[in-house]
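See below for the structure under consideration.
The values are calculated or read from the model by the stated rules, or taken from the named source; none is laboratory data. For clarity, every value in this text was computed on a predicted model and none was experimentally measured. So basically every Cβ, Gly included, is an ideal-geometry build from the backbone, and we count neighbours across all protein chains shown. Only protein heavy atoms, including side chains, enter the accessible area calculation; ligands, DNA and RNA are left aside. Shrake-Rupley method; radii C 1.70, N 1.55, O 1.52, S 1.80 Å.
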Amino acid sequence: MKKLEQLYEGKAKKVFKTDDPNLYIVDYKDDATAFNGLKKGTIEGKGVINNRVSNHLMKMLEKNGIPTHLVEEISERETIVKKVTIIPLEVIVRNIAAGSLAKRLGMEEGTKLGHTVLEFCYKDDALGDPLVNEYHIYALGAATKEELDLIADYAFKINQLLSDYLKDLNIELIDYKIEFGKTPDGTIILADEISPDTCRFWDSVTGEKLDKDRFRRDLGNVEGAYHEIMKRLLGE
Ligand code: 5GP
């Protein structure tokens, strides 16, 4: 597999073309941003950890019937993935009130939600990724009803699988953001990443935050939290 020209550089990853028209290579960076790019920094080793953690979780999901973009991890920071067009939605699933939901609904962080919450944000940096509902999504042409129903179905299944898996490692899955993509033949698969950048992970016993909120909120020991997640998931 040959790594060809860079297709795209995002806040946390670069994507490269390959000599196979159906495959891309993702390269994870240590750069960290928050609040729509207003806060910038570096989390040493983050690229390696997110690459490995995301692949580990995607493998588990794939084994349990969720189609993902994962093909093969080829280095500490690089993974071959299926070529997709990203559906421009952040799909957010919440089990416990935190972050923007806690603020918007006036709930104390840590309150167990009476029902799992599914939210969609329209991926548009200039607009600050606004919260949208299904009708906005149809109006924008971001996804059809059939596609959105399938995405919602996957999102809830992923929630069950991830929550159960992490619970055994004393990690509580508070909330997370996932993204889906469409392959050239129109199949919808899980894409992007699942990592401490995109999930809230709290230690089940101490309640300690083991995710990017340590960076966003200047809580200190950011690298330590990312390492702890890798250690619990991969044993190193
Ligand atoms: P909130 O809406 O509370 O800020 O975020 C909810 C969940 O989705 C959190 O786990 C957060 O990490 C994730 N999330 C939401 N938007 C983004 C985003 O733009 N980038 C990343 N990395 N995660 C996000």
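Structure data summary
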item	result
Region 1-93, Rg to Rh (Cα coordinates; Rh as Kirkwood inverse mean 1/r)	0.97
Radius of gyration and Dmax over the Cα atoms of region 70-142, both given in Å	16.2, 45
Over region 109-236: Kirkwood hydrodynamic radius from C-alpha pairwise inverse distances, Å	16.4
Electrostatic dipole magnitude of region 81-236 [Cβ: Lys, Arg +1; Asp, Glu -1; Cα centre; debye, to 20]	100
Apportionment of accessible area to carbon and sulfur, the chain, percent (1.4 Å)	50
For F180, distant residues with modelled amide H under 5 Å away	I87, L89, A191
Average silhouette area of the chain, convex hull of alpha-carbon atoms, in square nanometres	12.8
Accessible area of region 160-236 divided out per residue, in Å², using a probe of 1.4 angstrom	41
Excluding exposed DSSP-loop trypsin sites (Lys or Arg not before Pro) (at most 16 other C-beta within 10 Å), longest clean stretch of the chain	12-122
Accessible area expressed per residue, region 1-83, with surrounding protein chains retained (probe 1.4 Å, Å²)	51
Net charge over other residues, Cβ less than 14 angstrom from the Cβ of S54 (K, R count +1; D, E count -1)	-3
